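A quick write-up on the structure given underneath.
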Amino acid sequence: MLQGDLALRKVLKAGGFSLGSNAWAISAKKTNTGYPLLAGDPHLELNMPGKWYEVHLSVGDRNLSGATLPGAPIIVVGQNDFMGWSLTNIMMDDSDFFLEKVNPVDTTEYMVDSLNGEAFYRKFDIQRQLIKVQGHDDTTLIRRVTKHGPVISHIHPDQKMIGDTVITMKWTAHQPSNEVSALLGINWAQSFDEFQSYLPEFKAPGQNIIYADTAGNIAMYSLGALPIRNGSPIQFRKGWNPQNDWQGYVPFEQMPRSVNPESGWIANANNPISSETNPSYISIYWEPEARYNRISQYLAQNEQLSVQVFQAMQNDTYSQYARQLTEMIVPVLRDSEQDFSTVISYLENWDFQYDPNETAASIIDAFMLRLNKNIFQDDDG
């Protein structure tokens, strides 16, 4: 099934999930204002109440405004009097699942090494968490933890499939970090150097921060704790082989970044990124590059851009991704023994805009849902 999933992702040029973000910045030489322009659009599902809360703070003669999460003491994306910033998800692969071997003689131990066929064991750490429940007795959550992380196999919904297998999860966010401190420093930073000084504190979740300031700088930094690992990054790792353990994290200085590029613009839409300073694996879970390519068309082809152009970009409903899929699908439909003439007519006359009354857009989305179901339902149920 893994090979089938990878093959589908390759054909559809998709690696991630249906959520994402986009942001871009252009230098002063591409604007009609004499200053850089920044746009950001963090994509989160609509819900009630909404996740975002808009805030404007005035402290003396200093201003800070933007969007935050209710209860958070920081602005997540926004601007102050000197600079603005937005975030996109890196799509970083920041977790692994480890298979653990339990000592058959003492089930309180798990294997950490097997040099020359000799097994070495270590005790599970036992963590107890008291949970108070209103109107009921308190309950205690007990979990086993290895050097890789907590045991999670017992919470899988299909225990028949799991059987006696013991699986642990290692995740960068299990390690202490201080994203609130990083963002609080960024919120009130008054220079590019001061802004950069807070970036190494941000560890999880992995984020690209896109930046512009009144001094004329634009930049994008990839932030987060990126594991250094050996072997396959997407399959179970054998916990009893120390070579499968993480070998630390990629230094901040070697993470991808772009500062004042000659092109005069920077953009990200959860698309693949790479680092010239570090060849380490980042992810395979990228979003298709169609959104990034569409943004790039606007930014590269226009010598001068404005707020009005940015507004048009944010409201653009053209789907390069749908066009690519349609070009693959239509020839197959033509060769089919079934009559798809109506569907072909809609798809061939589509301008690939996702307008509310666009039938072809509904057809391509329904096709995608059915394709995934046809591929995975017989394996996953």
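The values are calculated or read from the model by the stated rules, or taken from the named source; none is laboratory data. For clarity, every value in this text was computed on a predicted model and none was experimentally measured. Every residue, glycine among them, receives a Cβ derived from its backbone with ideal geometry; neighbour counts consider all protein chains shown. Ligands, DNA and RNA are stripped out before the accessible areas are found, and what is left, the full protein with its side chains, is counted by its heavy atoms. Shrake-Rupley method; radii C 1.70, N 1.55, O 1.52, S 1.80 Å.
Limited to the range 66-109, what total is found for residues that are open to solvent by 50 Å² or more (accessible area, probe 1.4 Å), closer than 30 Å to Asp245 by Cβ and part of a loop (DSSP other than H, G, I, E, B)?
Step one: filter the range 66-109 for residues open to solvent by 50 Å² or more (accessible area, probe 1.4 Å), giving 69-71, 73, 79, 81, 89, 97, 101, 104-105, 107-108.
Pick out the ones that are also closer than 30 Å to Asp245 by Cβ and you get 89, 97, 101, 104-105, 107-108.
Subsequent filtering for residues that are part of a loop (DSSP other than H, G, I, E, B) retains 101, 104-105, 107-108.
Result for the range 66-109: 5.
Please state which of the following conditions Gln308 fails to meet, knowing it meets all the rest: (1) within 30 Å of Thr31 (Cβ to Cβ); (2) assigned to a loop (DSSP other than H, G, I, E, B); (3) of a type outside the set (A, V, I, L, M, F, W, C); (4) open to solvent by 90 Å² or more (accessible area, probe 1.4 Å).
(2)
This table checks each residue for (1) outside any loop (DSSP other than H, G, I, E, B); (2) under 14 Å from Asn208 (Cβ atoms); (3) open to solvent by 20 Å² or more (accessible area, probe 1.4 Å).
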{"site": "Glu262", "(1), (2), (3)": "no, no, yes"}
{"site": "Ile266", "(1), (2), (3)": "yes, yes, no"}
{"site": "Asn271", "(1), (2), (3)": "no, yes, no"}
{"site": "Ser274", "(1), (2), (3)": "no, yes, yes"}
{"site": "Tyr281", "(1), (2), (3)": "no, no, yes"}
{"site": "Ile284", "(1), (2), (3)": "no, no, yes"}
{"site": "Glu287", "(1), (2), (3)": "no, yes, yes"}
{"site": "Arg294", "(1), (2), (3)": "yes, no, yes"}
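Looking only at the range 324-346, decide whether some residue is open to solvent by less than 80 Å² (accessible area, probe 1.4 Å) and in contact (Cβ under 8 Å) with a residue 60 or more places away in the chain. Reasoning before the result, please.
Let us first name the residues in the range 324-346 that are open to solvent by less than 80 Å² (accessible area, probe 1.4 Å), namely 324-326, 329-331, 333, 336, 340-341, 343-345.
Subset that is in contact (Cβ under 8 Å) with a residue 60 or more places away in the chain: 324-325.
Yes, the range 324-346 contains at least one residue that is open to solvent by less than 80 Å² (accessible area, probe 1.4 Å) and in contact (Cβ under 8 Å) with a residue 60 or more places away in the chain.
Could you run through the range 296-305 and say how many residues are at pLDDT 95 or above and exposed (fewer than 13 other Cβ atoms within 10 Å of the Cβ)?
Residues flagged as at pLDDT 95 or above and exposed (fewer than 13 other Cβ atoms within 10 Å of the Cβ) within the range 296-305 amount to 0.
Kindly indicate whether any position in the range 139-153 is closer than 30 Å to Tyr292 by Cα, of a type outside the set (A, V, I, L, M, F, W, C) and surrounded by 20 or more Cβ atoms within 10 Å (Cβ to Cβ). Outline the logic, then answer.
At the first step, the residues of the range 139-153 found to be closer than 30 Å to Tyr292 by Cα are none.
No: the range 139-153 contains no residue that is closer than 30 Å to Tyr292 by Cα, of a type outside the set (A, V, I, L, M, F, W, C) and surrounded by 20 or more Cβ atoms within 10 Å (Cβ to Cβ).
Which pairs turn up if I take residues in the range 250-264 that are within 10 Å of Ser27 (Cβ to Cβ) and look for partners that are surrounded by 13 or more Cβ atoms within 10 Å (Cβ to Cβ) and basic (Lys, Arg) with beta carbon separation below 8 Å, at least 6 apart in sequence or on another chain?
Gly264/Lys30
Considering each of Asn63, Asn116 in turn, give the residue that is among the polar types (S, T, N, Q) and in a strand (DSSP E or B).
Working: Asn116 fails: in a strand (DSSP E or B).
Answer to the check: Asn63.
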